[in-house]
Amino acid sequence: MALHVPKAPGFAQMLKEGARHYSGLEEAVYRNITACKELAKSTRSSYGPNGMNKMVINHLEKIFVTNDAATMLKELEVEHPAAKMLVFASKMQEQEAGDGTNWVLMFSGSLLEHAGELLHMGLSVPEVVEGFKLAHEKTEELLPKMVCGSVKDIRNYEDVSRAIRTSIMSKQFGNEDFISEIVSQACIGILPVHSQFNVDNIRVCKIEGSGLHSSTWIRGLVFKRLVESDIINVENAKIACYTCPIDMTQTETKGTVLIKTAQELMDYSKGEENLLESQIKAIADTGANCLVAGGKVGDMALHFLNKYNIMVIRLMSKFDLRRLCKAVGATALPKVAPPTPQELGSCNKVYVDELGDTAVVVFKQDSDESAIATVVIRAATDNIMDDVERAIDDGVNTFKALTRDPQLLPGAGATEIELAKRISQYGETLPGLEQYAVKKFGEALEVFPMTLAENAGIKSTELIAKLYAEHQYEGGARMGYDVDGAGVATCDAAEKGILDLFLVKQWAFKFAVNAATTVLKVDEIIMAKPAGGPKPKQNKNWDEDPDTTE
């Protein structure tokens, strides 16, 4: 009897045939480092105000033209397990701080690149990881000392606009002043006195046509819809919201009615009409002069609504209906019944407007008590409007971060170079092999000014040398790369108004270091055999019956 000889030696012999197993520095660690470096390299050219756009075509063949790393990663569906860890860190940064996604990717990629060099030199993975942790602890200690200012009054338009300008500049260079002004006005306009600011309370409505500088914001809501009724303008609106259709009531059970004469038919129809009219009259008697329906509005119901001078708007999305209820303080009713005074919403003005050739319905609140604001974006194409929307989203998230921590750091690579200098000096004081990893942590921080220089088309080495030279002097800690200057120009980032949020940087360091050390600690990759059966993509006709005809 012949013995079965396993085809693969070692650990792989215990797995099913078809499973894959990689171990050690060469097979696992370096492979992971290479994958993460490639991911970071692809988003790196999109960093900063001069960052290039990427054209991403997702699995539904929708085209995205953007330099926003979060959007790229969301649409690309990265498969490599190690690279996915960087993607998860980037997503957590988006959730926690709302900005700095590309920063996390670039720094974790740079850390891994330098870790690869240390491993080639002969250091062990635990020594590299320990060095990175020591450097991160030192960074946490140094960051608060580098704060160059803060937003003292969160309701001051100028201070807020200056603080959120930099995050918008990286997406919309040249339009940052205009967009930051709109965003700061919209955010402060609906900032609650006692509760936390909610980013979902800033809505965006995109309308093609005109130019970006025709964009504006409205305290209230804007919907790209026409009204159903003849009435198109209501002052001091009392709004009744229904999640159901507004039509004749259908009976719950089927029944047969025997009609013998024309008069009986007339009386039957008249009874239905009277019932519907009495329902609508009851709604009108509550003082409601605007009705929002979540379903279709019947012709007969519309006739009576016009008769009682009630404006009718139909919203197909339950989310829109929910937001409207929140904005006007109404309660969504599940059936056609007269609302109580507590269930009625109120709004200063509801009217139909036309922007370009697009009709919109506007629910406008003049008081400061409005819970929701809408930013109306105007631009020539959908792609431009999508990109502006992403810039506004970053601005709104930055405002939320400001409400939690108003401290600001100098931008334009100034903070990173100062940290690189101080951490390298700290590395010199350490006795063990960890000092090499600490110094490499400092070198990894140089990736940010280098990338800003490369994306602007100037020599990165020249800029790094110039920045290091200026950071040696007292007061040089705020010197960064001047985007507007000619050639290798530097400027005082705080004076120029290029500011980063302390909170964004603090979280970005945590997520980037955690992601990089987690990837480094992987010494084996074990991939089970994939499940059997042809995948739908391989077999296009997978859902069709097999052809039995000869």
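Beta carbons closer than 7 Å, at least 6 apart along the sequence or on distinct chains, pair a first residue in the stretch 31-57 that is in the same structural domain as S90 (by TED's automatic domain parsing) and under 30 Å from G485 (Cα atoms) with a second that is surrounded by fewer than 20 Cβ atoms within 10 Å (Cβ to Cβ) and aliphatic (A, V, I, L, M) for S45/M52; S46/M52; P49/V483; N50/V483; N53/V65; M55/I63; M55/V65. Being at pLDDT 75 or above, farther than 30 Å from G356 by Cβ and loosely packed, with under 11 Cβ neighbours inside 10 Å is the filter here, so list the residues in the stretch 218-273 that pass it. Across the stretch 218-273, the qualifying residues are L258, T261, A262. From the list L105, L25, L39, L73, the lone residue that is in a helix (DSSP H, G or I), closer than 20 Å to F441 by Cα and modelled with pLDDT under 80 is L39.
For the subset of the stretch 433-460 comprising residues that are of a type outside the set (A, V, I, L, M) and outside any helix (DSSP H, G or I), which member is nearest to W103 (Cα to Cα)? Among those that are of a type outside the set (A, V, I, L, M) and outside any helix (DSSP H, G or I), it is E446.
Set side by side, the residues G122, G100, G116 differ, and just one is surrounded by fewer than 24 Cβ atoms within 10 Å (Cβ to Cβ), of a type outside the set (A, V, I, L, M) and modelled with pLDDT under 80, which is G122. The set of residues in the stretch 152-189 being part of a loop (DSSP other than H, G, I, E, B) and crowded, with 22+ Cβ neighbours inside 10 Å consists of S170, K171, Q172. Taken over the stretch 344-393, the criterion of being within 22 Å of T66 (Cβ to Cβ) and among the basic types (K, R) is satisfied by R378, R390. Within the stretch 125-141, not a single residue is assigned to a loop (DSSP other than H, G, I, E, B) and in contact (Cβ under 8 Å) with a residue 40 or more places away in the chain.
Where strands (runs of 3 or more DSSP E) sit wholly within the stretch 471-522, those with at least 1 residues that are touching a Cys at 6+ places or on another chain (Cβ under 9 Å) and within 13 Å of T415 (Cβ to Cβ) occupy 479-481, 499-501. When you look at R390, is it under 19 Å from A508 (Cβ atoms), in contact with a helix residue (DSSP H, G or I) (Cβ under 8 Å, 6 or more places away or on another chain) and not assigned by TED's automatic domain parsing to the domain that holds F132, yes or no? It is true that R390 is under 19 Å from A508 (Cβ atoms), in contact with a helix residue (DSSP H, G or I) (Cβ under 8 Å, 6 or more places away or on another chain) and not assigned by TED's automatic domain parsing to the domain that holds F132.
Looking only at the stretch 437-450, decide whether some residue is β-branched (V, I, T), outside the structural domain of G100 (by TED's automatic domain parsing) and more than 20 Å from the chain's Cα centre (by Cα). No - not one qualifying residue is present in the stretch 437-450. Within the stretch 302-340, the set of residues being of a type in the set (A, V, I, L, M, F, W, C), over 33 Å from the mean Cα position of the chain (by Cα) and crowded, with 17+ Cβ neighbours inside 10 Å comprises L302, F304, L305, I310, M311, V312, V336.
The values are calculated or read from the model by the stated rules, or taken from the named source; none is laboratory data. Predicted model only: the values in this text are computed from it and were never measured. Virtual Cβ from ideal backbone geometry, glycine too; neighbours counted across all protein chains shown.
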